[in-house]
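What follows is calculated from the coordinates using simple rules that are stated; it is not laboratory data. As the structure is a prediction and not an experimental result, all values here were calculated from the model. Cβ: placed from backbone, ideal geometry, glycine included. Neighbour counts: every protein chain shown.
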Amino acid sequence: MRLREAYGRKVVSTDDAEAVGRLDGFVIDPEQRCVVGLRLAKVGGDRPFVSWTDLQAFGTDAVTVPSAAVLRAASGQAEERAASKELQPIGKLVLGDLGTALGKVEDVEFDEGSGSLVDFDLGEAGTVASDRLLGLGSYAVVVLEVPPEPSAPGGP
Amino acid sequence: MSVLLRATELEGRPVVTFAGESPAEVKDIIFDSSTGTLLGLTLRGHGLFSRARKDILPWLMIHSIGRDAVMIRDEGAFQGVDALPAEGVPENRNVIGNQVLTDAGTDVGRVVDVIIEAGAEAEIVGYEVKASEALATRGEHVLIPLPAAIAVSGEHLIVPAGALEFVGNDLSGFGAAVKAFREKLREGEG
């Protein structure tokens, strides 16, 4: 699934079939190269975050959670910031670690089962596999400029 | 791998951490005026009118100088000026506008830029000079190679007369010219 189509998706709790909010921000851990949480908008109360591990499913029409009880407050300022506009990857400059701009993030493909990032779509500049990701900051997404050598299959 | 670049091109280039933050941009270069070695970069906040920062970026802490950014691992790369050897921070390190004379006394022209070879270490390998009447290319900008370890301070910058044989017009071939010139100097010594 891609980030762009996932924003705004309804989040529904399956115990009472009530919508608990809409997906408003992704919490991405660049070290794990993974979506680790979501921030919801239009949430009643002050618990707009949900951990990826507390999701029931990331479906094509809705994200489901077992109940509204899994919603929580931000775990800290770092999570608050990670979910903010400042750190959402779409539109961000992509810089290689050698200091060359590779393009801008058009979209990000992620695995809706695990939350793992698959690759960054830079439009005409191609895609960058997530195993090249070094960091995601307010200025840029930093990636290995040269793709890592694929591990040799088998050996000699 | 090393690349040649003009010192003035570095000004304003963002300094970016691996985490994707840009805490500063390049203000100026710092070189050891007695050897022509680059010691590091001075910094300022983003934007033309932002304040200079007191800390500096020592050369050894730079991961890479790229076309679009100067990359560092993290903000631990920034250090106080006292991290540099004292002789590395001359009172007036700006050589732009200074007159270049050969050791034979010919006025070559005035410095418009400094050419840096940037790799694991960095040094000043040439001047870009607005050519004087002594050169056939008067008025044009030419690149003049420098011997290794040349002093780059003073109102007059002295280059060996032999350097004029290796004058270049563009950076792409200039690395080879510097190399050829330095080899010739070494042969002269031997």
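Relative contact order (percent) for region A:23-72, with alpha-carbon contacts under 8 angstrom and 6 or more residues of separation?
Answer for region A:23-72 is 26 percent.
Averaging sequence separations of C-alpha pairs under 8 Å and six or more residues apart, then dividing by the length of chain B, give the relative contact order as a whole percent.
With pairs under 8 Å counted, the relative contact order is 19 percent.
From the alpha carbon gyration tensor of region A:88-143, can you work out the equivalent ellipsoid semi-axes (sqrt of 5 times each eigenvalue) and give them in Å, largest to smallest?
Over the Cα atoms of region A:88-143, the semi-axes work out to 18, 12, 10 Å.
Suppose only helical runs count, i.e. DSSP H with n ≥ 4. What mean residue ellipticity at 222 nm does that imply for chain A under -39500 (n - 2.57) per run, divided by all residues and rounded to the nearest 500 deg cm²/dmol?
About -1000 deg cm²/dmol.
What does the net charge come to around B:ASP170 if you take all other residues with beta carbon closer than 12 Å to its beta carbon, with K and R at +1 and D and E at -1?
Once positives and negatives cancel, what remains is -1.
Pairs of Cα atoms under 8 Å, at least six residues apart: use those to get the relative contact order of region A:3-86, whole percent.
Computed over region A:3-86, the figure is 28 percent.
Binning at 5 Å from 0, report for chain A what percent of all alpha-carbon pair distances ends up in each bin.
Histogram of Cα-Cα distances, whole percents per bin: 2, 9, 18, 21, 17, 13, 9, 6, 3, 1, 0, 0, 0.
If you restrict to DSSP beta bridges whose two residues both lie in region A:88-143, what percentage is antiparallel, to the nearest 5?
Bridges in region A:88-143 are about 75 percent antiparallel.
For the protein assembly as shown, what class follows from the C-alpha gyration tensor (a ≥ b ≥ c being the square roots of its eigenvalues): rounded when a/c is under 1.5, otherwise prolate if a/b is larger than b/c, else oblate?
Because a/c hits 1.5 or more and a/b exceeds b/c, the protein assembly as shown counts as prolate.
Give me, ordered by chain and number, the residues 5 or more places off B:ARG13 or on other chains with an amide H under 5 Å from its own placed amide H.
Long-range HN contacts for B:ARG13: B:VAL26.
Please average, across the residues of A:138-147, the number of beta carbons from any other chain that are within 10 Å of each residue's own beta carbon, and give a whole number.
The mean count of partner-chain Cβ atoms within 10 Å per residue comes to 4.
Output wanted: per-residue J couplings in Hz (rounded whole) for region B:18-31, from phi through Karplus 6.51 cos²θ - 1.76 cosθ + 1.60, θ = phi - 60°, x for Gly and Pro.
4, 7, x, 9, 10, x, 7, 10, 6, 9, 7, 9, 10, 10
So how far apart, in nm, are the two label points at B:LEU185 and B:PHE49 if each is 7 Å from Cα heading toward Cβ?
Once both label points are built, they end up 4.4 nm from each other.
Just to confirm the number: angle between the C-alpha axis of helix B:171-189 and the first principal axis of chain B, 0 to 90 degrees, nearest 10?
60
Would you grab the residues whose amide H sits under 5 Å from the one on B:ASP113? Only those 5+ places off in sequence or on another chain, please, with H modelled 1.01 Å from N.
B:GLU128
Run the count for the protein assembly as shown, please: Lys pairs, Cα-Cα under 21 angstrom, 8 or more apart or on different chains.
6
With a ≥ b ≥ c taken as the square roots of the eigenvalues of the C-alpha gyration tensor of region B:3-88, please select rounded if a/c is under 1.5 and otherwise prolate if a/b is larger than b/c or oblate if it is not?
In terms of gyration-tensor shape, rounded.
Can you work out D for chain B in µm² s⁻¹ from Stokes-Einstein, where Rh is the Kirkwood radius over C-alpha pairs, the temperature is 37 °C and the viscosity is 0.692 mPa s?
It comes out at roughly 190 µm²/s.
Counting only other residues whose beta carbon sits under 12 Å from that of A:ASP107, what net charge do I get with K and R as +1, D and E as -1?
Combined, the nearby Lys, Arg, Asp and Glu give -1.
Based on DSSP H runs of at least 4 residues, each adding -39500 (n - 2.57), what is the mean residue ellipticity at 222 nm of chain B after dividing by all its residues, to the nearest 500 deg cm²/dmol?
So the calculated ellipticity at 222 nm is -3500 deg cm²/dmol.
Hey, got a sec? Which trypsin sites (Lys or Arg not before Pro) in region B:1-60 land in a DSSP loop and have at most 13 other Cβ atoms within 10 Å?
In loop regions of region B:1-60 (DSSP not H, G, I, E or B), the sparsely surrounded trypsin sites (Lys or Arg not before Pro) are B:ARG51.
Taking amide H positions as placed in the peptide plane 1.01 Å from N, state which residues far from A:VAL118 in sequence (5 or more) or on other chains have amide H under 5 Å from it.
A:GLU109, A:PHE110, A:ASP111
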